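Enquirer: One structure is given below, represented as structure tokens, and several questions about it will come after.
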Amino acid sequence: MLRLENPCSVGSPMNTLSRFRPDEFTLAMAATVTIAFLLPCHGAGAQVFEGLTSVAIALLFFLQGARLSRGAIVAGALHWRLHFLVFAATFLVFPLAGFALKPLASGLLSPPMLLGVMFLCTLPATVQASVAFTSIAGGNVAAALCSASASSLVGIVATPLLVGLILHAHGGFSLDAMRSIAFELLLPFLAGQALQGPIGAFVQRHRKVLGLVDRSSVLLMVYTVFSAATVGGIWRQLSPGSFMLLTVVDGALLALMLAFTALAARRLGFSRADEIAIVFCGSKKSLVNGIPMANVLFAGPALGLILLPLMIFHQIQLMACAALARHYARASVATFEPGGLGHPAV
């Protein structure tokens, strides 16, 4: 019998520590935030970085459009029940969960951080992490790829509309914001889709290099946003207690969505492989999409606090889902043993 071995055994201290070790991108973001805190850009320098950020946002969504396979999305649409559940979790249940936590969170978090939590709830799924964790767990990778990719596409329109509904009661959303979404996000994405024929092969061949462009663009945006927060004195409003409370709220949101997606998949009779795809696609939020969208939708030095819930959630979801993926993988092996269980507990 073929036996798959993990270099780090299940019970070893190194394996336990690896679950909580930040990934390289998170470490890079932490370093960028530190630089922005110690050496923020201001004056003419800030204007230069704001211009570069606008270019980076357009480039990011152009490359997403060039990469996103229309054929994969069309093929994935055949599994409509799975995608419907993922979309419902991402764009309906997640925002409702945010509203459910709002009465509690409003007494604990500052208004910009509370807005950031609500903004987090409206974002689409992250493609890379959803597919990677589905693969590790032994789930339906093709369905995860199609569902997460379609979520990113729908999110370009759905997220601004949901944010508009959230901010409408506060008078914080305008036609100017919608125009910014159209010109800075949607048009570059559509341009990438239109040029997918001539440049698609190049984009796929240089996927790793262009992935660095994506992440560098995000780091540039993070530096610009957090520099403005430093210059504006926003960080004086953030205490260690507030940071911990925000972490608890983000963790509660993730736990709630992991439980909902797993239970809903089982109640609706999905296979184990489909359940894994639903859990990992329906509970994730995209940092790469969220930061440029926030740059377009919101303004002012408080943007740093608005983005903080998303950045914390990003790290929590990576740690929690890495452990959950390993748990699913171990349960998959156990099903081939006498008396094995069909579903792991979530």
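The values are calculated or read from the model by the stated rules, or taken from the named source; none is laboratory data. On a predicted model such as this, the values are computed, not experimentally measured, just so you know. Cβ coordinates were reconstructed from backbone atoms using ideal geometry, including for glycine residues, and neighbour counts include every protein chain displayed. Ligands, DNA and RNA are stripped out before the accessible areas are found, and what is left, the full protein with its side chains, is counted by its heavy atoms. Shrake-Rupley method; radii C 1.70, N 1.55, O 1.52, S 1.80 Å.
Enquirer: Which condition number does residue 67 fail, the rest of (1) over 30 Å from residue 301 (Cα atoms); (2) modelled with pLDDT of 85 or more being met?
Expert: Here residue 67 clears every test but (2).
Enquirer: Looking at 269, 251 in this structure, which one is free of Cβ contacts under 8 Å to residues at least 60 places away in the same chain and over 22 Å from residue 36 (Cβ atoms)? Step through it out loud before you land on a result.
Expert: Details: 251 fails: free of Cβ contacts under 8 Å to residues at least 60 places away in the same chain.
Matching residue, one of 269, 251: 269.
Enquirer: Any idea which residue in segment 202-244 is most open to solvent (accessible area, probe 1.4 Å), counting only those that are more than 22 Å from residue 54 (Cβ to Cβ), modelled with pLDDT under 80 and assigned to a helix (DSSP H, G or I)?
Expert: Top of the filtered list is 236.
Enquirer: Please work out if residue 267 is loosely packed, with under 13 Cβ neighbours inside 10 Å, out of contact with any Asp or Glu (no Cβ under 8 Å at 6 or more places or on another chain) and not β-branched (Val, Ile, Thr). If you could, list the steps in order and put the result at the bottom.
Expert: On the way: loosely packed, with under 13 Cβ neighbours inside 10 Å: yes; out of contact with any Asp or Glu (no Cβ under 8 Å at 6 or more places or on another chain): yes; not β-branched (Val, Ile, Thr): yes.
It is true that residue 267 is loosely packed, with under 13 Cβ neighbours inside 10 Å, out of contact with any Asp or Glu (no Cβ under 8 Å at 6 or more places or on another chain) and not β-branched (Val, Ile, Thr).
Enquirer: A further question on this structure: Could you look through segment 175-201, keep only residues that are among the small types (Gly, Ala, Ser) and touching a Gly at 6+ places or on another chain (Cβ under 9 Å), and pick out the one that is modelled with the highest pLDDT?
Expert: Ranking the qualifying residues of segment 175-201, first place goes to 191.
Enquirer: Quick one: in segment 102-125, of everything that is at pLDDT below 85 and of a type outside the set (Lys, Arg), which residue is most open to solvent (accessible area, probe 1.4 Å)?
Expert: Just the residues of segment 102-125 that are at pLDDT below 85, to begin with: 102-108.
Remaining after also requiring of a type outside the set (Lys, Arg): 103-108.
On the way: 103: 97, 104: 117, 105: 4, 106: 62, 107: 68, 108: 70 Å².
Among them, the one singled out is 104.
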